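Chemist: I am attaching a structure below and will ask some questions about it afterwards.
No value in this document is a laboratory result; all are computed from the given coordinates. Just so we're clear, the structure is a prediction, and the values are computed from it rather than from any experiment. Here the Cβ positions follow ideal geometry from the backbone for every residue, glycine too, while neighbour counts run over all protein chains shown.
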Amino acid sequence: MENQREKENGSFKSRIAYLKPYIASLLEPAKIIWQDPLGRAGSIIFLVICFIALFAPWLATHNPNEMNQRIEGSVISFNEDKEWKDYEIIGDDPINDMSSDENTVVAVTEENQVIIAQDDRWEEEEIDPEIELLAVTIFDDQIIAAGRSGQIAIRDNDSWEYETIPTEVDINALASSQDNSEVLAVGDEGSVFLYSDADWEELESEENQDLNAVDFSPAGDAIIVGNQGTIMHYEAKEITDPEYEAFGEETFRDLYDVDYSLAEKAFAVGERGTIMGFSGEAWYSTSGDTSRELRGVTVLAENNALAAGYHGVIQHFDGEEWYSLDRITTRGYRGIDFFENQGFVYGVDPYINELAPPSTEHFFGTNHLGRDIWSQVVYGSRTALLVGILAALMVNGIGFTVGLVSGYYGGKVDNLLMRIVDIMYGMPLEPFAIVLVLIFGPSLWIIILAIGLLTWRTNARVIRSQVLSLAKRPFVKAARVAGASNLRIMLVHISPNVLPLAFLQLAVAMGYAITAEATLSFLGLGPPRVYSWGTILHAARLSGAWRVAWWWVIPPGIFISATVVSVFLISRSVEVMTNPRLRGGNDSAPEPEESEDVLPHGQ
Amino acid sequence: MNQKGYLLKRILQMIFSYLIILTLLFFLFRIALPDPTAALVVEGLSEEERQLVQARFGLDQPLWRQYITYLVNFFQGELGISFHYRGPVFPILVDRLYNTLALMIPAIIVSYVIGPLLGVLLSWKRGSSTEFTGIVSGLIMRSAPLFWTGMIFVMIFGIWLGIFPTSGMRTMPYEAAHFFDKIFTLDFLWHLILPMLTVAIYYLGLPMLIMRNTMLEVMGEDFIELCRAKGLSERKIMYHHVARNALLPVVTQAAVTVGLAVGGQVVVEVVFSWPGLGREIVQAVQTSDFPLAQGAFMMMSGVVLVMNFAADMIYSYLDPRVGQGGGK
């Protein structure tokens, strides 16, 4: 028993011993690559790419499929001649409301920020405890801000003080009368509050729609608008709406803003491009040339008004009709505010951060859908390496076997196999892959298969020529005389000697496979929903934005080139080893023991 | 075996290879599209009409008959009717082939003139930093994917600098009575420059590196020693003796490259909207135009085979040892 085990062990050991030359002939090139400076550079690049591919989920800063949004608070200022200034970011969150008088401009956001303009600078303040601010108004020298759950704070002499009013509903809008005697606050469920003489009082409205805006006229009366076409009139501490009752029939659409700053004249705007006008006696419905939601309206002067809304729409009223002004941005504005000679369009709704140039948030910028290009490139390295390695193994597997058999047996076998190689040489790779995709549909496997089935031709030829010369060597003859089988000679005596060459071919095949995969994916033949460097460029080309968005085009190409260059550098080190005459002065690859002329064919 | 016998053998081999490829193609497309009329039914073909079409195209016959018909038609230059163009495939493809050649031949000439010259320089400057940069940039040029360099070129020269047109062969609309009328114009040259440079740069690296490598090999040969002993100038040795002998693999590679460029460089045509064979096959796939894709592939692989054959012939002509060995 013991004996037999020893015997088994021994035979196992002797079998392991056969692997030794294989391992040695694989280690040898590795050593040589590392000693050659170019080879070392190549291996380092290659290892970095492997690292990126391996740790892609950790290295990717975003989900590559996520359409990244930008959230910011911004204003575009304009003057009464409608000269527009640049888009200016003044806060981290969308601005919900703005108010201004001759000294002060103030904006509020839902994240409890109050932004006040002072000497052309925007200063941020916070209210403690926090309020999700929805509305703000300037009342004399006080600032009143209100928000969700009926919270209201008043800023007096640089400090904020809480006000208590008897409600839990959201306060959507505030307005102070032009003589600074009273403030109206309107909110959800038809609630209206009046602030006068430092006291809040709820007014009976007989309305339960949410109210969105309120504005005073010079005469001291006010108009309140709300959802589903609600329009109410306020005068002398009472809400009346007798003659306005008819507006409900004019529109059922939600109204978001109203301007009543000129006597006997008002505009209200709302969803789907609704614009309502008030002639002093009756409301009439009018409309501009947009069907997008309008969120704010302001009257600059008689026969001169502006409305702003979704998707960067700005409508202008010239006394007769409303029409669109050229878009400054395509972002969703939340309102518009004007006082004397300066006004602001403010907002903006969170928007898709499309085609953003590189920044610390998006290293390689974003594409036309706001997707992070760095993350896509990182995931793309997985595809490239997967296809590269699998295809190269397949190519080498077939090529090595064919070359070995063909070179060793020679004669008819060789002739047959080489004719097959000739046929393979008659088929160009890309068109072949294109035809396969046409027939079997796009997938990664088709790409691997196309590369693997076709490009082994070069390997087979190169390996064959090496085997041809090896088969005539004395040690092969000696083995044959000693009674070794053909298989044994091929595997034990010849293969280890061909391995360095096969290794070189493996690297070349890999570089070739990576380029081929990128090319096919670029043509749109790659599988959908799998990121590869080629598909990123395909998407860039398809969108048309690639002509300007250089950050979308350059990184994937650099990654492809770097990967392919790295394997070429590695293969070149091995090539120099197998053919010392190629060595220039900067090559410090060591002298190999024997030289064989095995320059591979260029693909 | 003598030269003639070798030539004949290679021609027969080539025809045999082509037949195999045609056969493969026939069965591949049969697997993909057992009933080509199915593609037409979507466009409102009634059952009777469909059967009529099937009969007209011989689709009701057994497979082997269809295969024979396919081969006979092929040799008569009938490659079928394009679904998309609704016309015979062959004339369309011949036109596209000319367009492709008009792009690829100048590009390959440029790269195979400049490349070997650079290769000579590199081998001459062996061991210097010039050689080092040369090798590395040669490798980089071969590694950067063609479509990407093309896109970068379009971005820089077409969009930012606005010097070159970015798509097509000619400014639309144009009138050209025939092919040469179309290409012997300044307008064509103007359109040619960017795509040609893209291809030329890609192909430049290979002849450069091959030239350098073979130069280094030839320089080690005995007869060069002899030249030196005769006291010939280094310049004369380089260009007259070494380079001439080293050109052989470069010339062979040039022929192979023409074949590969015509058959393989699909992407450049796509990037530059060049109306060549490559773009046609991609469009054929996008529109599921099976006859057109099949015809384009046939044409490409035909060109590749012929150019490989030409490469072999050039090689055996330049190096008579090859023919005697009975093929490589």
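Chemist: Please compute the average number of Cβ atoms from other chains found within 10 Å of each residue's Cβ in peptide A:216-224.
Modeler: What the average comes to for A:216-224 is 0.
Chemist: Using the Cα gyration tensor of the protein assembly as shown, with a ≥ b ≥ c the square roots of its eigenvalues, what is the shape: rounded (a/c below 1.5), prolate (a/b larger than b/c) or oblate (neither)?
Modeler: Prolate, since a/c reaches 1.5 and a/b exceeds b/c.
Chemist: Sort A:Glu430, A:Glu161 by Cβ crowding within 10 Å, fewest neighbours at the top.
Modeler: A:Glu161, A:Glu430
Chemist: Of A:Lys412/B:Lys9; A:Lys82/A:Lys265; A:Lys472/B:Lys9, which sit over 24 Å apart, Cα to Cα?
Modeler: From A:Lys412/B:Lys9; A:Lys82/A:Lys265; A:Lys472/B:Lys9, over 24 Å: A:Lys472/B:Lys9.
Chemist: Suppose every Lys and Arg Cβ carries +1 and every Asp and Glu Cβ carries -1, with no other charges. What dipole size does chain A come out with about its Cα centre, to the nearest 20 debye?
Modeler: Charge dipole, chain A, about its Cα centre: 11000 debye, nearest 20.
Chemist: I've got another one for you. Using a Gaussian network model on chain B with a 10 Å cutoff between Cα atoms, which of B:Leu97, B:Leu232, B:Leu22 fluctuates the most?
Modeler: So, out of B:Leu97, B:Leu232, B:Leu22, the one fluctuating most is B:Leu232.
Chemist: If you count, for every residue in B:146-155, the Cβ atoms of partner chains within 10 Å of its Cβ, what is the mean?
Modeler: Mean partner shielding for this stretch: 6.
Chemist: Got the relative contact order for the stretch A:441-559 handy, in percent, Cα pairs under 8 Å and 6 or more residues apart?
Modeler: 26
Chemist: Which of A:Ser43, A:Trp122, A:Leu54 sits farthest toward the positive end of the charge dipole of the stretch A:25-168, with +1 on the Cβ of Lys and Arg and -1 on the Cβ of Asp and Glu?
Modeler: So the residue we want is A:Ser43.
Chemist: I would also like to ask the following. Aspartates and glutamates near A:Lys85 by alpha-carbon distance under 16 Å, same-chain residues fewer than 8 away left out - which ones?
Modeler: Reachable aspartates and glutamates: A:Asp120, A:Asp326, A:Asp337.
Chemist: Further question: Counting other Cβ atoms within 10 Å, keep those with at most 16, restrict to DSSP loop, and tell me which trypsin sites (Lys or Arg not before Pro) in the stretch A:76-174 are left.
Modeler: Filter output for the stretch A:76-174: A:Lys82.
Chemist: Sorting check: for A:377-387, A:562-572, A:59-69, which peptide has the highest mean count of neighbouring beta carbons within 10 Å, and how do the rest follow?
Modeler: Put in order of decreasing packing, that is A:562-572, A:377-387, A:59-69.
Chemist: Related question: For the stretch A:416-422, what does the Karplus curve 6.51 cos²θ - 1.76 cosθ + 1.60, with θ = phi - 60°, yield as ³J(HN,Hα) per residue in whole Hz, taken in order and with x for Gly and Pro?
Modeler: After applying 6.51 cos²θ - 1.76 cosθ + 1.60, I find 4, 5, 5, 5, 4, 4, 4 Hz.
Chemist: Please give the calculated 222 nm ellipticity per residue for chain A, where each DSSP H segment of at least 4 residues contributes -39500 (n - 2.57) and the sum is spread over every residue; nearest 500 deg cm²/dmol?
Modeler: Calculated mean residue ellipticity at 222 nm is -12500 deg cm²/dmol.
Chemist: Could you identify which residue out of B:Thr69, B:Thr166, B:Thr214 has the top mean-square fluctuation in a GNM of chain B using Cα springs shorter than 10 Å?
Modeler: Most flexible of the set in this elastic network: B:Thr69.
Chemist: Going by a ≥ b ≥ c, the root eigenvalues of the Cα gyration tensor, does chain B fall in the rounded group (a/c under 1.5), the prolate group (a/b larger than b/c) or the oblate group?
Modeler: Because a/c hits 1.5 or more and a/b fails to exceed b/c, chain B counts as oblate.
Chemist: Straight-line reach only, C-alpha to C-alpha below 21 angstrom: list the lysines that A:Lys20 could link to, leaving out same-chain residues fewer than 8 apart.
Modeler: Excluding near neighbours in sequence, the set is A:Lys7, A:Lys31.
Chemist: How crowded by other chains is A:570-576, given as the mean number of beta carbons from other chains within 10 Å of each beta carbon?
Modeler: For peptide A:570-576, the averaged partner shielding equals 1.
Chemist: Given an 8 Å cut-off on Cα distances and at least 6 residues of separation, report the relative contact order of the stretch A:75-352 as a percent.
Modeler: Normalised by residue count, the contact order of the stretch A:75-352 is 12 percent.
Chemist: What chymotrypsin sites (Phe, Trp or Tyr not before Pro) does the stretch B:121-223 have in DSSP loop regions with at most 10 other beta carbons within 10 Å?
Modeler: Those that pass, being in a loop and sparsely packed, are B:Phe184.
Chemist: Putting +1 on Lys and Arg Cβ atoms and -1 on Asp and Glu Cβ atoms, find which of A:Val269, A:Ala146, A:Ile231 reaches farthest to the positive end of the dipole of the stretch A:75-352.
Modeler: Looking along the dipole axis, the top candidate is A:Val269.
Chemist: Next up: Where in chain B is the longest stretch that carries no GluC sites (Glu not before Pro) classed as loop by DSSP and with at most 10 other Cβ atoms within 10 Å?
Modeler: Answer - B:176-328.
Chemist: Compute the relative contact order of chain A as a whole-number percentage, counting only Cα pairs closer than 8 Å that sit 6 or more residues apart in sequence.
Modeler: Contact order relative to length: 13 percent.
Chemist: Now for a separate question. Let a ≥ b ≥ c be the square roots of the eigenvalues of the Cα gyration tensor of the stretch A:103-181; is it rounded (a/c under 1.5), or, if not, prolate (a/b larger than b/c) or oblate?
Modeler: Taking the square roots of the gyration eigenvalues as a ≥ b ≥ c, the stretch A:103-181 is oblate.
Chemist: Anyone know which of B:Ala255, B:Ala229, B:Ala284 comes out most mobile in the 10 Å Cα GNM of chain B?
Modeler: Sorting by GNM fluctuation, first place goes to B:Ala229.
Chemist: List the trypsin sites (Lys or Arg not before Pro) in the stretch A:491-559 that DSSP assigns to loop (not H, G, I, E or B) and whose Cβ has at most 14 other Cβ atoms within 10 Å. Which are they?
Modeler: A:Arg529
Chemist: Then there is this: Straight-line reach only, C-alpha to C-alpha below 19 angstrom: list the aspartates and glutamates that B:Lys4 could link to, leaving out same-chain residues fewer than 8 apart.
Modeler: List returned: B:Asp312, B:Asp319.
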